[in-house]
Amino acid sequence: MRVAIVHEWLVTYAGSEKVVEQLLNIYPDADLFCVIDFLEEKDRHMLKGKKPITTFIQQLPFAKKMYKTYLPFMPLAVEQFDLSGYDVIISSSHAVAKGIITGPDQIHISYVHTPIRYAWDLQHQYLSELGKLKQLVSKLLLHQIRMWDVRTANGVDVFLANSSYIARRIHKIYRRQAQVVYPPVEVKAFGNHSNQDRKEYYFTASRLVPYKRIDLVVEAFAKMPDKELIVIGDGPEMKTLKQLATPNVKLLGYQPNAVLLKHMQQAKAFIFAGEEDFGISMVEAQAAGTPVIAYGKGGAQDIVKGLGENNPTGLFFEKQDAESVIDAVRQFELLSWMMTDANCRQNAQQFSVEAFLYHISSIVSGSFNERFNPMKVQA
């Protein structure tokens with residue numbers, strides 16, 4: 001079985017890159033294709049010694065820092081990959097990777113982190129951040145990208161989604177069914193501690209960008225001066241958060257993994273106020289035995305077992321506002337005894353690296369055997 005793996009862009013070592021890393025662990029002989037490769041040297045271990053095959057965008061002016069401005073050219077770029085020598089092509093897609101061209105005797109399995117959000121349901125939010133002239137140009141370009149995005153869905157044989165939420169988005173946009181395969185999370189790294197180490201603070205960690213809604217959490221705890229909140233992370237929202245913070249809210253900025261891990265393991269609960277496609281930090285918290293208080297939309301619905309389920313691992317709030325966070329914290333303090341360390345750890349196991357490897361290899365080998373079984377009579 002000759003395998004190719006196609007990814008959008010290699011710039012940072014984040015969630016989608018960790019998926020690619022594990023795909024390369026399953027298929028060490030696979031070739032890797034991507035639009036651009038500007039991955040830092042410290043992160044290149046994920047490539048397993050491979051040199052990715054890139055597109056013409058790699059050579060365009062200022063591509064390293066301004067690669068997203070070349071989005072209108074990316075559909076053309078991925079269509080230029082010659083994948084004719086492979087039996088199975090696995091695309092890791094959150095923008096254009098699923099648009100590769102394959103033949104009738106090839107299997108294209110697309111692991112979708114999300115359809116292109118700024119071309120679909122986040123279009124208006126994206127456009128609101130632009131000037132009038134850029135808005136006009138962007139509307140025309142995004143219209144063309146949407147048409148291309150829908151058309152290229154026909155070239156995918158098997159859709160995989162990283163959460164039930166993304167599976168629903170795939171069906172809404174492409175009218176295709178997708179099987180949910182949760183992304184790989186290093187749950188073992190968060191589980192080496194005793195529950196006796198618990199402290200009395202609440203905790204959240206994230207890049208400090210608007211859609212993560214850390215501002216709601218800080219605002220809520222500013223109104224609860226008897227409760228402590230610790231925030232780890234840095235980003236453009238830091239200035240705003242400092243203005244909202246009160247003495248019971250500690251903004252620690254960026255911290256190394258060891259510090260983040262310690263705070264995650266010792267927190268009373270982890271608070272997650274954003275609407276995410278998945279939400280790896282919620283899995284990591286549960287792997288540490290820490291319950292999660294989360295906004296009840298997006299990937300959180302898959303990750304957290306709420307109070308209405310057996311062996312709950314957290315609870316949800318239904319509105320993205322400070323009052324809802326406050327109500328959820330008060331409810332948690334009354335019912336936290338139900339959300340045990342054991343419940344949280346057990347629930348986190350379904351998101352492990354081992355679970356991801358098993359599901360992906362089973363789906364790929366099953367699809368390959370079904371397509372190329374010599375005993376099967378072809379129509």
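Would you point out which residue out of LEU216, LEU208 is in a loop (DSSP other than H, G, I, E, B), under 26 Å from HIS124 (Cβ atoms) and among the hydrophobic types (A, V, I, L, M, F, W, C)? Please lay out each step first, then the result.
Working: LEU216 fails: in a loop (DSSP other than H, G, I, E, B).
Only one candidate passes the filter, namely LEU208.
Looking at region 187-198, can you tell me whether even one residue there is over 25 Å from MET74 (Cα atoms), among the aromatic types (Phe, Trp, Tyr) and in a helix (DSSP H, G or I)?
Here is the first cut: in region 187-198, the residues over 25 Å from MET74 (Cα atoms) are 187-198.
Cutting the leftovers down to among the aromatic types (Phe, Trp, Tyr) gives us 190.
Adding the requirement that they be in a helix (DSSP H, G or I) leaves 190.
Yes, because at least one residue in region 187-198 is over 25 Å from MET74 (Cα atoms), among the aromatic types (Phe, Trp, Tyr) and in a helix (DSSP H, G or I).
Please list, ordered by first then second residue, the pairs with beta carbon atoms under 7 Å, 6 or more apart or interchain, first in region 329-349 and on the phi > 0 side of the Ramachandran plot, second assigned to a helix (DSSP H, G or I).
Cβ pairs passing all conditions: none.
Residues are listed down the side, and each one gets a yes or a no for (1) at pLDDT below 95; (2) in contact with a Leu (Cβ under 8 Å, 6 or more places away or on another chain); (3) not hydroxyl-bearing (Ser, Thr, Tyr):
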site	(1), (2), (3)
ILE116	yes, no, yes
GLN125	yes, no, yes
GLY131	yes, no, yes
LEU136	yes, no, yes
HIS143	yes, no, yes
ASP157	no, no, yes
ILE170	no, no, yes
VAL180	no, yes, yes
ASN195	yes, no, yes
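Residues are listed down the side, and each one gets a yes or a no for (1) surrounded by fewer than 20 Cβ atoms within 10 Å (Cβ to Cβ); (2) among the hydrophobic types (A, V, I, L, M, F, W, C); (3) more than 30 Å from ARG2 (Cβ to Cβ):
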{"site": "ALA95", "(1), (2), (3)": "no, yes, no"}
{"site": "TYR111", "(1), (2), (3)": "no, no, no"}
{"site": "LEU136", "(1), (2), (3)": "yes, yes, yes"}
{"site": "TRP148", "(1), (2), (3)": "yes, yes, no"}
{"site": "THR152", "(1), (2), (3)": "no, no, no"}
{"site": "LYS172", "(1), (2), (3)": "yes, no, yes"}
{"site": "GLN179", "(1), (2), (3)": "yes, no, no"}
{"site": "THR204", "(1), (2), (3)": "no, no, yes"}
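Can you tell me which condition ILE36 does not meet? The list is (1) in contact with a helix residue (DSSP H, G or I) (Cβ under 7 Å, 6 or more places away or on another chain); (2) surrounded by fewer than 19 Cβ atoms within 10 Å (Cβ to Cβ), and all the others hold.
Just one mismatch for ILE36, condition (2).
Kindly provide the set of residues from region 275-291 that are part of a loop (DSSP other than H, G, I, E, B) and surrounded by fewer than 24 Cβ atoms within 10 Å (Cβ to Cβ), ordered by number.
Applying the first criterion (part of a loop (DSSP other than H, G, I, E, B)) to region 275-291 yields 275-279, 288-291.
Selection gives GLU275, GLU276, ASP277.
Taking helices (runs of 4 or more DSSP H) that do not extend beyond region 307-379, which have at least 3 residues that are polar (S, T, N, Q)?
Numbers: elements: 322-335, 341-348, 353-372.
Those helices (runs of 4 or more DSSP H) span 341-348, 353-372.
If we keep just the residues of region 206-228 that are crowded, with 17+ Cβ neighbours inside 10 Å and of a type in the set (Lys, Arg), which is farthest from the chain's Cα centre (by Cα)? Don't jump to the end; show me each part of the working.
Keep residues of region 206-228 that are crowded, with 17+ Cβ neighbours inside 10 Å, which gives 206, 208, 212-221, 224, 227-228.
From the residues that got through so far, the ones that are of a type in the set (Lys, Arg) too are 212-213, 227.
Numbers: LYS212: 13, ARG213: 16, LYS227: 30 Å.
Selected residue: LYS227.
Here is a list: GLN106, GLN144. Which entry is of a type in the set (S, T, N, Q) and surrounded by fewer than 16 Cβ atoms within 10 Å (Cβ to Cβ)? Lay out the reasoning, then the answer.
Numbers: GLN106 fails: surrounded by fewer than 16 Cβ atoms within 10 Å (Cβ to Cβ).
Step by step, each of GLN106, GLN144 is checked, and only GLN144 is of a type in the set (S, T, N, Q) and surrounded by fewer than 16 Cβ atoms within 10 Å (Cβ to Cβ).
The values are calculated or read from the model by the stated rules, or taken from the named source; none is laboratory data. This one's a predicted model, so the numbers in the text were calculated from it and none came from an experiment. Glycine also receives a Cβ, built like all others from the backbone with ideal geometry; neighbour counts cover every protein chain displayed.
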